[in-house]
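The values are calculated or read from the model by the stated rules, or taken from the named source; none is laboratory data. Everything quoted here is computed from the prediction, not taken from an experiment. Because the Cβ atoms are built from the backbone with ideal geometry, glycine has one as well, and the counts that use them run over all protein chains shown.
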Amino acid sequence: MILIVDSGATKADWIALDETGEQLFTTQTLGLSPEVLTKEIIVERITNNFDIYKNRKMVTNLFFYGAGCGTERMRNFMKDIFQEFFLNGEISVKEDTYAAIYATTKPGEKAVVCILGTGSNCSYWDGDDILQKVDSLGYILMDDCSGNYFGRQLLRDYYYNKIPADLARLFSENYDLDSDTIKNHLYKQPNPNTYLATFAKFLIQNKENDYAQRLIAKGMQLFVDNWISQYEQAKDVPVHFVGSISYYLKDELKKVLEANNLRMGNVLRRPIDGLVSYHRDNI
């Protein structure tokens, strides 16, 4: 049995294939980012999934693509956890950028490939290898234009009284914005980045509002300036995206890219289906 996993900070999609490439089952767990979770929490999340636990001894290969796996230390951390859990499996752990690349590009295609979901990232793919100009420092210092970036900006603007009154009232009606609640989630609970990203849904739902349009455009321009512009090749190749932010704000994103003389490529909400096709071709 082959297990293919695409894990963001919020959720992880799992698909099992047999040796011929036929799908056996699909399932989902909460996200498994090693940057914000302990070993105990990661083990608990996969152990509590019936399909994964029941079939753990049948797994011969695990291909895991995950947020927070950009360093060798984090990849080894995850590999050790999986090796203990899937005793008979050969384990491969790569950062989620590879999932985005395999899902959006054609064989040999050169492209800039971006992730805009709970977090954000951007790489250049030359058809064979990744060129990474920036090491991400995570949701506190980076993650421009991500779900947690927009959630952070919304909360800041709400508390600084910078959101228009009618929109602020609607915001408060839809979320618990008590300061103690927010601080508890940010400083006491696991996955503060995922918590922040939950507020981005409000921005998407109200994206026609002038305030929302300005905030969205600002975040996207920051992503272009700080990430995409790192690659001089970006003007000559498509710019592909995966993640819910890019998917649900596709029109706004295309407008910002065109204003920067960049060409939008494929935009996928999640890369798991493209990953399955990639691995079927390489069984």
Next item on the list: Inspect all residues belonging to segment 254-265 and state whether any of them is over 29 Å from V5 (Cα atoms) and touching a Phe, Trp or Tyr at 6+ places or on another chain (Cβ under 9 Å).
Entry: yes
Check: From the residues in segment 190-233 that are under 20 Å from the mean Cα position of the chain (by Cα) and not in a helix (DSSP H, G or I), which one is modelled with the lowest pLDDT?
Finding: P190
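Does A9 satisfy the condition of being assigned to a helix (DSSP H, G or I) and surrounded by 23 or more Cβ atoms within 10 Å (Cβ to Cβ)? Even if it seems obvious, please write down each step before you answer.
On the way: assigned to a helix (DSSP H, G or I): no; surrounded by 23 or more Cβ atoms within 10 Å (Cβ to Cβ): yes.
It is false that A9 is assigned to a helix (DSSP H, G or I) and surrounded by 23 or more Cβ atoms within 10 Å (Cβ to Cβ).
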Check: Among the listed residues D166, D180, which satisfies the condition of being under 30 Å from P34 (Cβ atoms), assigned to a helix (DSSP H, G or I) and acidic (D, E)?
Finding: D180
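Out of the strands (runs of 3 or more DSSP E) lying entirely within segment 27-127, which hold 1 or more residues that are polar (S, T, N, Q) and over 19 Å from the mean Cα position of the chain (by Cα)?
Numbers: elements: 61-66, 90-95, 111-116, 120-125.
Hits in segment 27-127: 61-66.
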Margin query: Can you find, within segment 50-73, the residue that is surrounded by the fewest Cβ atoms within 10 Å (Cβ to Cβ) among those that are modelled with pLDDT of 95 or more and among the aliphatic types (A, V, I, L, M)?
Written below: M58
Notebook entry, point to check: What are the residues in segment 1-44 that are under 16 Å from F77 (Cα atoms) and among the charged types (D, E, K, R), if any?
Noted result: E35, K39, E40, E44
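Any residue in segment 102-124 that is touching a Lys or Arg at 6+ places or on another chain (Cβ under 7 Å), surrounded by 12 or more Cβ atoms within 10 Å (Cβ to Cβ) and free of Cβ contacts under 8 Å to residues at least 40 places away in the same chain? Working first, answer last.
To start, the set of residues in segment 102-124 that are touching a Lys or Arg at 6+ places or on another chain (Cβ under 7 Å) comprises none.
No: segment 102-124 contains no residue that is touching a Lys or Arg at 6+ places or on another chain (Cβ under 7 Å), surrounded by 12 or more Cβ atoms within 10 Å (Cβ to Cβ) and free of Cβ contacts under 8 Å to residues at least 40 places away in the same chain.
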